[in-house]
Amino acid sequence: MRPLGVHTSIKNTLINSIEEAVQLQCTTFQIFLHSPRIWEIPEYEEQVIDEFKRLRKLHGLNPLVIHASYLINLISSKPKTIASSRYLLKREVLMADALGADYYVIHLKDNKDMDKDEIYAKTKEGFSKIGKLEKCKILIENTAKSKITSQIPDLIETLQKIESENIGGICIDTCHLFAAGYDISGEDGISKFIEEVFQSGSFGLIKLIHLNDSKAPAGSGIDRHEHIGKGHIGISGFERFLKIKELSNVPLILETPKKSPEDDLKNLNAVREILRKLES
Ligand SMILES: [Zn+2]
Ligand SMILES: [Zn+2]
């Protein structure tokens, strides 16, 4: 079965995220390196990093995905925010690399006062400060509403324009895709998505899928994740999406709501059932 996991919590220690993943029988997982809504980022001790790497290897969790902080804005109109963002981006990506992460996923910000070229130039400059990484690749995620990352042709153009040795492809979030107007609950939306990815020759660039249902309707531009099968995409939508053969080996990470302790298991099991059905 293709790699499947959830976003787990680093609570008091990084190790917690692995324990959660193992308990849920995940084969991959995603974490934040610190609270994604604050600028401060801790320095992890070498001992903790070594233990994290040892446990991850022991449990065969692949790939390891780090999700960027939400604050990073490389194209802010405020120079101070740009400076803080460049610093945090570099710290996070270097730490992701030190932890042995395969991917670092980031949503790029939009700025209504800037045209695409200015956005590309500033974003590219932000990524140019990182330096050489050992293993980790940055993935750009599609978003629900943006002139540079919501529609597939725009997302691919953005990737080409900000081109950096550290960027390794894209992450497709099904909730964001749906909110951006690709109604993947039905055949038409799936075909539109496949056609656009195919036309731009980008199937190989999709390295990760964030599998989330959507609370908001198709084309709403609103990013609200829902439990698998309980939102507007629905089980039949996921059955169609997961059937796309060009993506059949791409790892799946759930970022579904966690209101009760059973939520992750329920969502994972809903996906496992679809995958079993598709494999049989
Ligand atoms: Zn996502
Ligand atoms: Zn989202």
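Some points to look at:
- Hits in segment 264-280 - residues which are open to solvent by less than 100 Å² (accessible area, probe 1.4 Å) and more than 16 Å from ligand 2 (Cβ to nearest atom): D264, L265, L268, N269, A270, V271, R272, I274, L275, L278
- Selected residue [assigned to a loop (DSSP other than H, G, I, E, B), closer than 28 Å to I222 by Cβ, away from ligand 1 (no atom under 16 Å from the Cβ) and within 19 Å of the chain's Cα centre (by Cα)] from K135, K147: K147
- Hits in segment 210-220 - residues which are assigned to a loop (DSSP other than H, G, I, E, B) and either within 12 Å of ligand 2 (Cβ to nearest atom) or crowded, with 17+ Cβ neighbours inside 10 Å (or both): N212, K215, A216, A218, S220
- Matching residues in segment 65-103 - criterion: being open to solvent by 20 Å² or more (accessible area, probe 1.4 Å) and outside any helix (DSSP H, G or I): Y70, L71, N73, S77, K78, D102, Y103
- For G169, the conditions (1) of a type in the set (G, A, S); (2) surrounded by fewer than 19 Cβ atoms within 10 Å (Cβ to Cβ); (3) over 19 Å from F203 (Cα atoms) are fulfilled apart from (3).
- Filter result for S76 (within 21 Å of F32 (Cα to Cα) and modelled with pLDDT of 95 or more): no
- For segment 154-195, the set of residues classified as in contact with a helix residue (DSSP H, G or I) (Cβ under 6 Å, 6 or more places away or on another chain), within 23 Å of I119 (Cα to Cα) and away from ligand 1 (no atom under 15 Å from the Cβ) consists of K161, I162, S164, listed by residue number.
- Among the residues listed as G204, G234, the single one being in contact (Cβ under 8 Å) with a residue 24 or more places away in the chain and farther than 25 Å from I106 by Cα: G234
- Any chance K161 is surrounded by fewer than 22 Cβ atoms within 10 Å (Cβ to Cβ), farther than 30 Å from G126 by Cα and among the charged types (D, E, K, R): no
- Residue within segment 117-139 that is at pLDDT below 95, open to solvent by 50 Å² or more (accessible area, probe 1.4 Å) and closer than 21 Å to H176 by Cβ present: no
- Pairs, first more than 15 Å from ligand 1 (Cβ to nearest atom) in segment 246-264, second part of a loop (DSSP other than H, G, I, E, B), C-beta under 8 Å, six or more apart: S248/R2; N249/R2; D263/H227; D263/T256; D263/P257; D264/L24; D264/T256; D264/K258
- Any hit, segment 195-209, residues being of a type outside the set (S, T, N, Q), part of a helix (DSSP H, G or I) and surrounded by 18 or more Cβ atoms within 10 Å (Cβ to Cβ): yes
- Residue match in segment 230-253 (condition: surrounded by fewer than 17 Cβ atoms within 10 Å (Cβ to Cβ), more than 14 Å from ligand 2 (Cβ to nearest atom), at pLDDT 95 or above and at positive phi): no
- Failed condition for I152, given (1) within 18 Å of F241 (Cα to Cα); (2) open to solvent by less than 30 Å² (accessible area, probe 1.4 Å); (3) within 14 Å of ligand 2 (Cβ to nearest atom): (3)
- Segment 175-193, residues that are surrounded by 18 or more Cβ atoms within 10 Å (Cβ to Cβ), in a helix (DSSP H, G or I) and more than 16 Å from ligand 2 (Cβ to nearest atom): G189, I190, F193
- Odd one out for F52 among (1) assigned to a loop (DSSP other than H, G, I, E, B); (2) aromatic (F, W, Y); (3) at pLDDT 95 or above: (1)
- Selection status of G5, touching a Cys at 6+ places or on another chain (Cβ under 9 Å) and assigned to a loop (DSSP other than H, G, I, E, B): no
The values are calculated or read from the model by the stated rules, or taken from the named source; none is laboratory data. Source: prediction; values computed, not measured. We place every Cβ from the backbone using ideal geometry, glycine too, and count neighbours over all the protein chains shown. Side chains included, ligands, DNA and RNA excluded: accessible areas come from the protein's heavy atoms. Shrake-Rupley method; radii C 1.70, N 1.55, O 1.52, S 1.80 Å.
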